[in-house]
Each structure stands twice: as structure tokens, then as C-alpha cells.
Amino acid sequence: MDVLHLCFGILGNILSVLQLLAPMITFRRITKNKSTEQFSAVPYIIGLMNGLLYTWYGLPMISQDNTLLCTINGITAIVQGAYVLLFLFYAPKDATRRTLWLVFGVVILTATVVLVSMFGIQNHKTKTIFCGIAGATSSVLMYGSPLSIMKVVIKTKSVEFMPFFLSFFGFLSGTCWFTYGLLGHDLFVAIPGGLGSALGLSQLILYFVYRKQKVAIVTDTTITSTLVVTTTVV
């Protein structure tokens, strides 16, 4: 790992941690109201899956020179797991049941990727590609929530539900991981990072377009259910 590659990895870790802290605002509200209201656990569950898959992908037995990728995604998995547990604590029975089934699905999927790559694939390059595709796919799924928030901004013409600094750090983090992936010749890091950077830039553009608009009052539950802050580490 060269110096520049290392620097972008460290910077990506720092920015990703800042992103991980963003949902604390949502969960402070949930804890205060003792209710999950219309919020959804799905983005956090996908974040948990993404963290687990990229932690596995970053291990030396799967890919080379990705220790920093492994550490930040390990932290991501722990934090997202904590968010899911907190959600379960305050969620009504129906939501709890659905959430547990989704978590069970994530565990099964992750275990399948791990077991297949360990015992079903002998060629190291094929193993790297298999785990990389699994991780990259989960990263793409994570972009569903930010895209939903952008849709809300366009519909309401208000950036009330799209904090500037979250978009800003998302753009910087995505750019760092995109560069980290390019320097490490790793498309499974560069492509999701590039998508995250483009998404962050799009959010910033929307922010500056609608920042002077009056705050919108949102009563549609189909809208409020999407107002969940998520983090895209890779």
C-alpha cells in the first residue's frame, strides 16, 4: 500500500465515521418519543449487510491492501447493528416481526457469501470477484434511501429533510473511497465510491437550488417513512 493510497484510506475512514454519527439525530427523536413513528429500519439493515459484506471482502484472504476498508466496515456493521437493536426496542410488534425477518435474511445471505467463498471457491481471483460483486450490490441497494430523500426534496421544494453536512460528507467520503479504489486498482471499491460521490454531489446541487425555499410541512406517511438518514461507507 503506497502513501497516497494509505492517506485516502485514512481520510475515508474519518469521513465515514462522521457519516455514521448522523442517524443519532433520528434515534434521539425515537428514544425521546419512545416510538419509531413512521421511520423504517430497512436502510439500517441494508447498512448492516453492507458493512458485514465489505468487512469480509476487506480481509487479506479475500482482497489485498484493504485493511482500512475492512476496519471501517467492521465499525459500520457494529454501529448499524446497534441502530437496528434500538429500533427493535421501540418498534411496534408488526414492525418488530418484519425487522427480525429482514435481519435473519441478512445473516443468511452474509453467511452464504462467507461459506461459498471459503469452501466453494478455490481460485483466489474468483473468490475476490464473487465477494466484491456481493459487496458492490449491497452498496447500490443502500442508495435507495438517499434517492428517496432527493425525491422528497423535489416534491416539497424544501431541503428540510436533507441536511447539508450529511450530503457534504457523503460527497467527500464517496470521493475518497473512489480515489482509494482507483489507486488500489479495485473496481469493487471505486465504482460504489464513485456512485456515492455522484449522489452526494447531486444532493448538494439540490440543496443549493432549494435552500431558500420555505420549510414544507409533510403529512404524507409515505413521505415521512423515507426520511431516514443513511450512511454509504463504500
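When the chain is described by a simple charge dipole with +1 on each Lys and Arg Cβ and -1 on each Asp and Glu Cβ, the residue from Leu48, Tyr90, Phe168 located farthest towards its positive end is Tyr90.
In straight-distance terms, cross-link reach from Lys127 covers every one of the aspartates and glutamates whose alpha-carbon lies under 16 Å from its own, apart from those fewer than eight places away in the same chain; here that gives Asp65, Asp186.
What ranking do Thr112, Thr179 get, fewest neighbouring Cβ atoms within 10 angstrom at the top? Walk me through the intermediate numbers first.
Values: Thr112 12, Thr179 22.
Ordered by Cβ neighbours within 10 Å, fewest first: Thr112, Thr179.
Please rank Leu115, Leu59, fewest neighbouring Cβ atoms within 10 Å first, as an exposure proxy.
With the fewest neighbours first, Leu115, Leu59 line up as Leu115, Leu59.
Label point of Met24 set 7 angstrom out along Cα-Cβ; within the stretch 45-78, amide nitrogens under 20 Å from it belong to 45, 47-48, 72-78.
I'd like the projected area of the stretch 1-45, averaged over all directions, using the convex hull of its alpha carbons. Report it in nm² with one decimal.
Working: hull surface 16.1 nm².
The orientation-averaged projected area of the Cα hull of the stretch 1-45 comes to 4.0 nm².
In the structure displayed, which of Lys32/Lys93; Lys151/Lys212; Lys34/Lys157; Lys155/Lys212 lie more than 25 Å apart, Cα to Cα? Exceeds cut-off: Lys34/Lys157.
In the chain, the DSSP-assigned H stretches of four residues or longer account for a calculated mean residue ellipticity at 222 nm of -25000 deg cm²/dmol, using -39500 (n - 2.57) per stretch and the full residue count as denominator.
Only the coordinates and a few stated rules stand behind these numbers; no lab work does. Not measured: the values here are computed from a predicted model. With ideal geometry, Cβ positions are generated from the backbone for all residues, glycine too; neighbour counts draw on all protein chains shown.
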